[in-house]
């Protein structure tokens, strides 16, 4: 038997709450999670009581047993958390759900992520205490304490090694904001970005301007997966998972910035496994959603997934190449984490499904292969590829 | 003299003791890195076993307090109240080519708006805070000229 997830499971339902500015959700995080899960089940045309598994990542606080109780589901069979912080687990959670289905451990699994920072405190803030110990003691006292500061160091090195100019990062921000203008759900809808506005924006930490950094939002997102056999009877045309891969390279987690291969999004070993399972290559990908914690991570992710040479970034990363419908590689067509919503990237996976269904607000014509890259520069990271029925 | 304004969390040895020898040596103005007594490999930050040969016979060995800039960043936006009026500051990732290329984080002393050159040699400057509670020492970095 072939050891692959290709075509074994499919997304049949997607759901989101409205997206709010951070701290502004009118409801608690757990209620947001429930709302998104119920919405995904409604979209799938199934009762939430038919769910039997939950998969999430980044230490989501909504406990599967509590969700199962609140939803009144009959039997919980799969409760899964992908280790690691940031958005690195987004596509891995989908892979874990599909693996549970393919192996017969569960029948109908919902992947979800919920965030309410008003209730639980903000990301990106330095620790407020008198002393600090452990790995952080070797960074925080030097003023290195936020994700932007952790990752700027990698991106600066990559830009140095490959002569990447600031304009390449800017093009990524411009593409995301461009797509957000078509998306009424996007938090930055109605707030377009220009080259001038980007250039004039303040530095957060060089090489990141304000607009190179993701938003922080409240909300929740969910998607329902079932076996390919069951998906064939679903309301929407199934969006099949063609492949997924997660992990990181040798000693990516070495402490205090000591990963031997340092200036990387951490996808060099993941991308070949992803494409091998999916049975496609970068040239087959019609549209890409690539997680923006920071634009520099997107740039390295795109290089490491084989869309562009490391030394060719200045030519490849121009806005026209990255926008739907006609760009070479339409990127983050909902507005992504920069301009739609920062739901730790699960919104990107949902947008990838919309592209296969043909219902994105920045639709690329005739999408058959739709790819997602989750959480560059953290460890573990993950990526996945969805396909239409025609790809099976 | 402190490079950053006071009020950031102060480093203390890990409760499990893993990096305690490093901080004790730094207080004496000695830079140490972790080395495996079995296979001779260097590693940083500290681990309980050697990542190469898995021996737990590890030591903190004094090294020449010199390295070169592997990467750097200029921070503008403060994420801690202590740095509200700091203005820009420089963080460097310093590489030790003679110690298997292991790296350490610190600040680059001097003008925060100076041009920073990746690959440039730097030497350690120990920033002692003996009167703080608890006392601590930071390992900072400054540019130096190989030919001077």
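Key figures
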quantity: Hits in the range B:1-36 (condition: at the interface with chain A (Cβ under 10 Å from one of its Cβ atoms), assigned to a loop (DSSP other than H, G, I, E, B) and under 13 Å from the mean Cα position of the chain (by Cα)); calculated: B:19
quantity: Among the candidates A:338, A:299, A:288, residue that is crowded, with 24+ Cβ neighbours inside 10 Å and closer than 22 Å to residue A:358 by Cβ; calculated: A:288
quantity: Which listed residue, of B:21, B:13, B:9, is out of contact with any strand residue (DSSP E or B) (no Cβ under 9 Å at 6 or more places or on another chain) and under 19 Å from residue A:136 (Cα atoms); calculated: B:13
quantity: Strands (runs of 3 or more DSSP E) enclosed by the range B:77-147 - at least 1 residues per element that are at pLDDT 95 or above and facing chain A (nearest Cβ under 9 Å); calculated: B:89-96, B:102-107, B:136-143
quantity: Residue among A:377, A:343, A:371 that alone is crowded, with 22+ Cβ neighbours inside 10 Å, at positive phi and outside any helix (DSSP H, G or I); calculated: A:377
quantity: Residue in the range A:122-146 that is nearest to residue B:26 (Cα to Cα), counting only those that are more than 7 Å from every other protein chain (Cβ to nearest Cβ) and either in contact (Cβ under 8 Å) with a residue 60 or more places away in the chain or surrounded by 23 or more Cβ atoms within 10 Å (Cβ to Cβ) (or both); calculated: A:123
quantity: Residue A:177 being crowded, with 22+ Cβ neighbours inside 10 Å and within 12 Å of chain B (Cβ to nearest Cβ); calculated: no
quantity: Test: residue in the range A:147-168 that is away from chain B (no Cβ under 13 Å), assigned to a helix (DSSP H, G or I) and within 23 Å of the chain's Cα centre (by Cα); calculated: yes
quantity: Residue under evaluation residue A:307, criteria (1) touching a helix residue (DSSP H, G or I) at 6+ places or on another chain (Cβ under 6 Å); (2) surrounded by fewer than 24 Cβ atoms within 10 Å (Cβ to Cβ); (3) in a helix (DSSP H, G or I), criterion not met; calculated: (3)
quantity: Top-ranked residue of the range A:260-282 - restricted to ones that are more than 14 Å from chain B (Cβ to nearest Cβ) and part of a loop (DSSP other than H, G, I, E, B), ranked as surrounded by the fewest Cβ atoms within 10 Å (Cβ to Cβ); calculated: A:281
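Matching residues to (1) farther than 30 Å from residue A:140 by Cβ; (2) in contact (Cβ under 8 Å) with a residue 24 or more places away in the chain; (3) out of contact with any helix residue (DSSP H, G or I) (no Cβ under 6 Å at 6 or more places or on another chain):
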site	(1), (2), (3)
A:208	no, yes, no
A:225	yes, yes, no
A:237	yes, yes, yes
A:249	no, no, yes
A:265	no, yes, no
A:280	yes, yes, yes
A:294	no, yes, no
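The values are calculated or read from the model by the stated rules, or taken from the named source; none is laboratory data. Please read all numbers here as calculations on a predicted model, not as lab measurements. Because the Cβ atoms are built from the backbone with ideal geometry, glycine has one as well, and the counts that use them run over all protein chains shown.
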